[in-house]
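Asker: Sharing a structure with you now.
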């Protein structure tokens, strides 16, 4: 199948499929006109890639996980698990940082609410100040 059909079947844009290929995550053959051609297994591959990207993984990290799929062995499975554990820990740390930022923003918003209330109370009656 050509890139347009793979895009249609997977819900991923042709541009994204070319990116996957550029990153070494997806392979194609070239037809007589030089167009990319994909087999049926690539539909499953793209679904897997979407799942991995949805999990917050980068293309570089995904490339480190793919040997577990492409050449399954205990070693590649253990390496994939260790990579996923590191990524989980990285995401948890990022969540903590984001939580701290949200708390700070909420304090700023509370201060702004108090400031707006004070400004509104000090405004003379009938003033159209916005």
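Laboratory data are not the source of any read-out in this text; all were calculated from the coordinates shown. Bear in mind that the values here come from a model prediction, so they are computed numbers and not experimental data. All Cβ positions, even for glycine, are placed from backbone atoms using ideal geometry, and neighbour counts span all protein chains on display.
Asker: To test your reading of the geometry: what angle, between 0 and 90 degrees and rounded to tens, separates the Cα axis of helix 59-70 from the longest principal axis of the chain?
Answerer: Helix 59-70 and the main axis of the chain meet at about 40 degrees.
Asker: Multiply the residue separation of residue 83 and residue 19 by 0.36 nm, subtract the distance between their alpha-carbon atoms, and state the gained length in nm to one decimal.
Answerer: Length difference between fully extended and current span is 20.8 nm.
Asker: While we're on this one: What nm value, rounded to one decimal, do you get for the distance between residue 73 and residue 55 when each label is placed 7 Å out toward the C-beta?
Answerer: Simple spin-label model gives 2.1 nm for this pair.
Asker: Report relative contact order for the stretch 17-130 in percent, whole number only (criteria: Cα-Cα under 8 Å, sequence separation at least 6).
Answerer: 15 percent
Asker: Once fully extended, how much extra length lies between residue 112 and residue 94, figured as 0.36 nm per residue of separation less the alpha-carbon to alpha-carbon distance?
Answerer: 3.8 nm
Asker: Right, next: For the stretch 1-54, report the translational diffusion coefficient in µm²/s to the nearest whole number, using Stokes-Einstein at 20 °C, 1.002 mPa s, and a Kirkwood Rh over Cα pairs.
Answerer: It comes out at roughly 195 µm²/s.
Asker: Could you tell me the calculated FRET efficiency between residue 37 and residue 101, based on Cβ-Cβ distance and R0 = 41 angstrom, to the nearest 0.05?
Answerer: Approximately 0.30, to the nearest 0.05.
Asker: If one computes P(r) from the Cα atoms of the chain, what percent of pairs lie at distances over 19 Å?
Answerer: 66 percent
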